[in-house]
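Worksheet for the structure shown next.
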Amino acid sequence: MKLFSLFSISDQQAMWRVQMQDDPEAFAILVKRWEGPIQNLCTRMLGDLHRGEDLAQEAFARVFAKRKEYEPRGKFSTFLWRVALNLCYDELRRRDRRRETSLEGVFDNDEPDGPTDDLSPDISLAREETAEQVRGALMKISETYRSVLILRHYEDLKFCEIADVLGIPEGTVKSRMAEGLSQLARLLASKGQSGNNVKITETGKELLVL
């Protein structure tokens, strides 16, 4: 199969080719499709852009190394999100053991959360400062709640999809979302964020409003 044809196949079809035929072109397609979202997830879970990139690469390496063990019971993306999250959890546990609490260099060179081409410089700066405060608050929330907020708000997964990724009931996802948003609101309030700068909805779909 030619490379251009591979772009039209589904994730499940590509992973089947990787699993059964060790197809490097099919795996390259999966990496191209999912490298950005997985890097974003790892970066936001860890608060470290460079370490997030490293873990994203490790996630893909792990998927390829264990390709023969892959069981296509659901979406490939669900499997990939889970692999990446487990790596993040392992890294966070290692940090806890080392008592690494410094956030120096968090999100260095991270891209703004939305387009700012049409905004004036002062509004763009205010929005990015607000985004930084939200990201900083996320890092103070337990990873149990942080993962749900990130998957919902930043990665746009539905509650049922998050439930599949985490292997928990959808109702538990919603309760974790509610608690995570409550903790986030308290943290932002303690930083003096006003309602005019930050808006938090019950679904977590809108965190930044100017």
inquiry  = Being at pLDDT 95 or above, crowded, with 17+ Cβ neighbours inside 10 Å and hydrophobic (A, V, I, L, M, F, W, C) is the requirement here; does residue 34 meet it?
reply    = yes
key: Subset of the stretch 65-88 (residues that are in contact (Cβ under 8 Å) with a residue 24 or more places away in the chain and farther than 17 Å from residue 39 by Cα)   = 67, 68, 70, 72, 74, 75
note = Selection over the stretch 146-171 where residues are more than 18 Å from residue 48 (Cα to Cα) and assigned to a helix (DSSP H, G or I) yields a count of 13
request  = Restrict the check to the stretch 45-54 and report whether at least one residue is over 17 Å from the mean Cα position of the chain (by Cα) and touching a residue at least 24 places away in the same chain (Cβ under 8 Å).
outcome  = no
message = Considering only residues that are farther than 20 Å from residue 9 by Cα and basic (Lys, Arg), which ones fall in the stretch 28-46?
response = 44
task = Being touching a helix residue (DSSP H, G or I) at 6+ places or on another chain (Cβ under 8 Å) and farther than 19 Å from residue 182 by Cα is the filter; apply it to the stretch 123-158 and report the residue that is modelled with the lowest pLDDT.
result = 155
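The values are calculated or read from the model by the stated rules, or taken from the named source; none is laboratory data. Only a predicted model underlies this, so the values are computations on that prediction, with no experimental measurement involved. Glycine gets a Cβ as well: all are built from the backbone with ideal geometry, and neighbour counts include every protein chain shown.
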